[in-house]
Amino acid sequence: MTERQRALGVHRVLEPAGVLPQAAWRLDTSPDLHPDEVRISVQRLNLDAASFRQLSEEHGGDGDAVRAAVAGIVATRGKMHNPVTGSGGMLIGVVDAVGDDSPLGLEVGQPVATLVSLTLTPLELTDGLARWDGRSEQVPTAGHAVLFARSLAAVLPEDLPQETALALLDVCGAPAATERVVASSGRRPSVAVLGAAGKSGCLSLAAARDARAGHLMGVVRTEQEAAALRAAGLADDVVVADATDPLAVAEAVGRPVDVTVVCVDAAGAEHGAVLATADGGTVVFFSMATSFSAAALGAEGMAADVTMLIGNGYTPGHAALALDLYRTTPGVRALIDPRVHRS
């Protein structure tokens with residue numbers, strides 16, 4: 001096996017052969033480390049919003065059933081990889097062991113958050129998720145995880161509660177990508193964020209403002225969310241529309257915007273996002289519930305001349321940006337803190 005293959009974690013793939021860990025059905029979770037690996041003693045998982053919503057809906061909100069489903073996925077696949085949504089989340093824990101050749105710069109005893117998806121992270125749980133009620137995205141647990149040479153992790157900040165840092169780092173790719181798109185436009189683009197009252201949505205609004213966006217619009221699904229977003233002061237306009245109803249989104253947004261950022265956790269928001277975006281504009285999809293075939297074929301069917309970007313979760317400096325937006329933006333804290341406390 002080549003050094004590159006090992007750095008990507010190919011040696012941990014049990015089936016099928018010849019794929020990378022994210023595409024694998026099952027991973028090797030052995031705690032015995034290769035020289036370039038790091039072992040994490042796991043303290044808490046953060047399930048991504050699309051995955052948690054799908055599991056909750058499938059099991060009718062039954063927390064015990066959701067807990068059993070997550071435990072079953074991890075036990076079967078050696079990672080948290082929802083077979084329906086294809087998504088996972090991330091985790092926090094303490095560095096337990098570091099291979100002599102690891103390039104990650106981590107030290108034993110450091111509290112860290114992984115910045116790569118649980119869908120490619122070897123994970124073994126040892127407590128049966130006994131401390132989790134199955135009703136929140138954050139999952140207290142125990143076990144171990146393995147990071148590869150090409151994995152990413154951030155040392156947890158000392159000034160924030162771990163649960164808050166976990167919630168922020170789980171979605172830190174969204175504001176970073178939004179900032180990049182707005183800043184690179186060469187002007188002050190109008191921006192609409194679908195799912196603007198959620199974690200990634202409110203951070204994306206704050207990032208767009210800092211990047212000198214023009215008009216900011218937040219699209220939310222309920223009047224309660226609209227009231228909270230207006231009180232937070234992150235958007236110039238707040239409208240209520242079901243993101244999965246494309247005509248309702250288009251009517252609510254009105255004049256199409258230059259940049260649309262999709263942060264909803266429900267499937268079916270692709271066509272509304274395209275309709276909300278002006279010709280020559282950009283749509284950034286930051287929802288794991290997105291169907292990229294629906295987005296591409298829908299745009300074609302609407303003769304929409306828009307650039308569509310997949311938010312891949314990684315932009316250099318994304319972790320620091322999200323943490324700083326939380327620290328410096330009262331409106332972001334006002335929206336995120338109740339969600340974390342509820343979790």
Distance in nm between pseudo-label sites at R150 and D64 (7 Å out along the Cβ direction from Cα): 4.4 nm
Label point at H341 placed 7 Å out along Cα→Cβ; residues across the stretch 141-177 whose backbone nitrogen lies under 18 Å: 160-168
Where only alpha carbons of the stretch 27-72 are counted, the Rg and the Dmax (Å): 14.7, 44
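Step by step: find N for the stretch 173-342, compute 2.2 N^0.38 Å, then divide the Cα radius of gyration by it. What's the final number?
0.93
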Two-decimal log10 I(q)/I(0) for the stretch 3-156, as the Debye equation yields it once each C-alpha is a single scatterer, q = 0.08, 0.09, 0.17, 0.18 Å⁻¹: -0.20, -0.26, -0.90, -1.01
Where labels lie 7 Å past Cα in the beta-carbon direction, separation of T2 and D133 in nm: 5.1 nm
For the stretch 282-326, average projected area of the Cα convex hull in nm²: 4.0 nm²
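How long are the three semi-axes of the equivalent ellipsoid of the chain, in whole Å, if each is the root of 5 times an eigenvalue of the C-alpha gyration tensor, listed from largest down?
Semi-axes (√(5λ), whole Å): 34, 21, 20.
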Dipole moment magnitude, nearest 20 debye, the stretch 3-156 about Cα centre, only Lys, Arg, Asp, Glu C-beta charged: 220 debye
Spacing of the two label points (7 Å from each Cα toward its C-beta) at H215 and D324, in nm: 3.0 nm
P(r), alpha carbons of the stretch 215-315 - 5 Å bins starting at zero, rounded %: 2, 14, 24, 26, 20, 10, 4, 0
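Every number in this text was worked out from the coordinates using simple rules, so none of it is lab data. Since this is a predicted model, take the numbers as computed values, not measurements. In this analysis, Cβ positions are derived from the backbone assuming ideal geometry, glycine residues included, and neighbour counts consider all displayed protein chains.
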